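What follows draws every value from the coordinates through simple rules; no lab data is involved. Since the structure is predicted, the reported quantities are computational estimates derived from the model, not experimental observations. Positions of Cβ are backbone-derived with ideal geometry, glycine not excepted, and every protein chain shown enters the neighbour counts.
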Amino acid sequence: MISSFSFSESTVGFLVEGTFNKETVNIFIEEVLTKLKQFDKINLYIEDTGIENFTLPAVVEELMFKIKHSNQFNKVALVSDRTWVKTCGDLYSFFTNSEFHNFTSEDRIRAMSWIAQ
């Protein structure tokens, strides 16, 4: 399941829990594209609030989407304590000029503050 919210007009946030699959990625892509219709560049906040399992095609599709649109992201904050989630974020950071930071769940308030600046 994925829930979206907004910090500011040009920032979209996602809380991800349960299964990270094609349906989750489709919701993510739809929300980001909607925001990109309003703004040339946006900030993106993604928080792992309890991902129980994932499908590799979904992870690859989400990563490829972010790479394709990487020039449209100012900042990307990824909040998770899971190594595989942070690794996906690190892969993304190699293909983008946007500011990217991994944060632990303990530092989620700092992540929110950073992305909102």
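General observations
- For C88, net neighbour charge (Lys/Arg +1, Asp/Glu -1) across residues whose Cβ lies under 11 Å away: 0
- Convex hull per residue volume in Å³, alpha carbons only, for region 68-117: 59
- Computed magnitude of the charge dipole of the chain (debye, nearest 20; Cβ of K, R +1, Cβ of D, E -1): 340
- Cα-based convex hull, the chain, per residue volume (Å³, whole number): 86
- FRET efficiency, 1/(1 + (r/R0)^6) with R0 30 Å, evaluated for S113 and N21 via beta carbons: 0.45
- Listed values for region 45-53 are Karplus-derived 3J(HN,Hα) couplings in whole Hz (6.51 cos²θ - 1.76 cosθ + 1.60, θ = phi - 60°), namely 10, 10, 10, 7, 9, x, 5, 8, 7, and x replaces Gly and Pro.
- When Rg and the Kirkwood radius Rh are both evaluated on Cα atoms of region 1-42, their ratio Rg/Rh stands at 0.99.
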